[in-house]
Amino acid sequence: MILIKELLDSLQGAPGFSEPAFVEAHSSVEQVTSIRVNPFKRNTEGASIAELEQLPAETLSAVPWCANGYYLAERPSFTFDPLFHAGCYYVQEASSMFLEQVIKTCFPGHSTAPLKVLDLCAAPGGKATHLSALFPAGLVVANEVIGSRAGILVENAIRWGSENMMVTCNDPSVFRKLEGFFDLIVVDAPCSGSGMLRKDPEVMNEWSQAHVAHCSKRQRRILEDGWPALKEGGVLVYATCSYSKEENEDIADWLSTTLQAVPVSIPLHPEWGIVESISPLHNCNGYRFYPYNLKGEGLYIACFRKTSNSSEMAVPLKKMPPINRASVDILADAVADPAYWCFTEEQEAYRALPAAWSETINALKSVLHVKKAGVTLGKIIKKLLIPDHELAAGNLVSDRFQCLELGKAQAIEYLQKKNITVSTALNGWCLITYKGFRLGWAKILPNRINNYYPQRFRILKPSPPSL
Ligand code: SAM
């Protein structure tokens with residue numbers, strides 16, 4: 001890979017930067033592949049893929065800073081792994097998984113705390129799905145300003161089965177209306193992308209000092225827009241995949257000067273190879289990831305607390321309009337823990353929202369453009385539930401539904417939305433499973449099986465001969 005001199009010159013003096021090591025790391029063809037396992041995706045026996053040792057390839061080791069992160073010995077074809085489509089794992093660059101350490105430091109009770117979390121720049125959903133797993137009792141608002149990318153975020157949220165994650169599509173300035181609302185805001189900002197050079201050499205064609213300056217300006221604007229929505233005592237996490245100090249330490253100094261953000265130090269293990277950087281003006285702690293020091297791509301992450309007095313605008317909670325008793329009974333029968341859910345109807349489809357958050361979600365709808373909230377359960381026609389794919393992909397589905405287990409080749413055919421033929425005594429709606437993990441719905445009729453896998457999720461590529 002050709003690294004332009006302008007980039008190398010600009011990085012001289014950046015904390016932890018070594019030009020020879022950097023050049024060597026970018027001349028090797030080494031590709032690091034890592035995944036984060038979904039702790040809530042359980043098969044019909046209640047096991048995750050990690051417990052079943054069903055990871056998509058041989059694992060080299062665990063990602064040291066993330067409990068569910070694994071390095072794979074090779075990059076398999078994720079497209080032809082049914083467990084990828086079942087949402088059993090998310091393919092995520094390992095450095096990004098460090099978010100977990102930040103959350104553990106700032107929110108030791110994260111696994112039970114009912115906190116409000118905003119991921120302001122969330123697509124395609126790496127950090128948002130991670131946050132939804134780290135705050136199972138919380139509400140994660142995953143926002144993406146670009147409409148098409150928000151669509152991808154919705155798809156990844158459905159696959160992940162994130163019941164506590166809502167997807168919104170708003171310019172960051174809209175969040176100014178939610179003053180003091182969130183306990184945690186993550187800004188994984190659009191950046192010049194030099195940290196991703198090994199994965200995407202095209203970044204080099206776009207890179208220039210002028211682009212860095214443009215990104216730095218945009219990052220300040222996003223942070224300025226998001227900051228009012230953080231409550232007093234709340235935490236801001238700022239991250240980029242750039243090595244440029246204009247997008248990292250300079251932004252940390254700006255946060256400290258302009259917004260009086262107070263830096264938070266994150267404990268590191270020396271063997272992780274992460275470089276702690278201290279910003280030049282206000283000694284803000286930041287964490288730099290270089291591919292020559294660790295197994296991961298370039299990343300900068302820093303964490304701040306809001307200590308300044310800040311008012312908390314009350315967002316008036318709004319009760320969900322009730323639905324009739326007969327429908328509630330049908331819906332309650334489809335989910336494992338009906339008391340946890342509040343059922344609602346929207347555009348003829350029924351949805352389940354975590355009851356603890358339903359009024360908050362309803363209130364947010366009057367401020368934000370919501371693309372997804374809760375889980376679509378399906379439609380009710382003639383007192384019968386026509387189940388939606390989201391019910392199969394979610395973790396809330398009742399175990400009363402019958403399951404049809406498929407082998408790998410047939411599971412792929414199902415995911416390609418082909419007709420499947422299996423001899424079975426089952427009939428009616430059933431969940432299609434692979435290794436006990438739910439892939440979607442099918443309806444078994446006397447003479448055929450109707451494949452209800454959603455068109456938009458289907459595998460488009462033809463199967464390789466090896467299947
Ligand atoms: N957090 C994501 C993840 O972990 O998968 C990656 C986020 S990516 C680094 C930055 C995101 O910011 C992109 O999805 C991009 O569309 C979005 N973005 C671009 N311009 C923006 C703007 N002006 N305001 C807010 N977000 C923006």
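Tabulated data for the structure shown
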{"item": "C-alpha long axis of helix 209-226 to longest principal axis of the chain, angle in °", "result": "60 degrees"}
{"item": "Above-threshold pairs, the threshold being 25 Å between Cα atoms, out of Lys319/Lys372; Lys372/Lys408; Lys418/Lys443", "result": "Lys372/Lys408"}
{"item": "Nearest-ten-degree value, helix 147-160 long axis tilted from longest Cα axis of the chain", "result": "60 degrees"}
{"item": "Difference of contour (0.36 nm per residue) and Cα-Cα distance, Asn309 to Ile146", "result": "55.4 nm"}
{"item": "Largest-first principal axis extents of the Cα set of the chain (Å)", "result": "71, 56, 35"}
{"item": "Proximal lysines relative to Lys104, as straight alpha-carbon distance under 18 Å, when same-chain residues fewer than 8 apart are discounted", "result": "Lys116, Lys127, Lys306"}
{"item": "Degrees separating the helix 249-259 axis from the principal Cα axis of the chain, which is the longest one", "result": "80 degrees"}
{"item": "Dipole-positive endmost among Leu467, Ser327, Ser310 within the chain (Cβ charges, Cα centre)", "result": "Ser327"}
{"item": "C-alpha center-to-center spacing [region 171-237, region 249-315] in angstrom", "result": "13 Å"}
{"item": "Candidates per GluC sites (Glu not before Pro) in region 311-401, loop by DSSP, up to 15 other Cβ within 10 Å", "result": "Glu312, Glu348"}
{"item": "Estimated dipole of region 94-164 in Debye, rounded to 20 [Cβ of Lys and Arg +1, of Asp and Glu -1, Cα centre]", "result": "80 debye"}
{"item": "Cα gyration tensor shape of region 73-229, rounded if a/c is under 1.5, else prolate or oblate by comparing a/b with b/c", "result": "oblate"}
{"item": "Lys, Arg +1 and Asp, Glu -1 on Cβ, resulting dipole of the chain about Cα centre, debye, nearest 20", "result": "1640 debye"}
{"item": "Normalised alpha carbon radius of gyration of region 154-265 [divisor 2.2 N^0.38 Å]", "result": "1.18"}
{"item": "Pairs of alpha carbons in region 331-434 whose separation is greater than 23 Å (percent)", "result": "38 percent"}
{"item": "Tensor-based shape of region 260-398 (alpha-carbon gyration tensor, a/c under 1.5 rounded, otherwise prolate or oblate)", "result": "prolate"}
{"item": "Furthest towards positive pole of dipole, Pro114, Pro124, Cys169, structure part region 109-171, Cβ charges", "result": "Pro114"}
{"item": "Cα lying deepest toward the dipole's positive end in the chain, options Met196, Gly374, Leu60, charges on Cβ", "result": "Gly374"}
{"item": "Förster-model FRET efficiency, 56 Å R0, His211 and Asp337, C-beta, rounded to 0.05", "result": "0.70"}
{"item": "Region 1-80 - charge dipole about Cα centre, Lys and Arg +1 at Cβ, Asp and Glu -1, debye rounded to 20", "result": "300 debye"}
{"item": "Pairwise FRET efficiency - Asn427 versus Ser18, Cβ, R0 = 56 Å, nearest 0.05", "result": "0.30"}
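No lab work stands behind these numbers, since they all come straight from the coordinates. This structure is a prediction, so every number in the text was calculated from the model and none was measured. Every residue, glycine among them, receives a Cβ derived from its backbone with ideal geometry; neighbour counts consider all protein chains shown.
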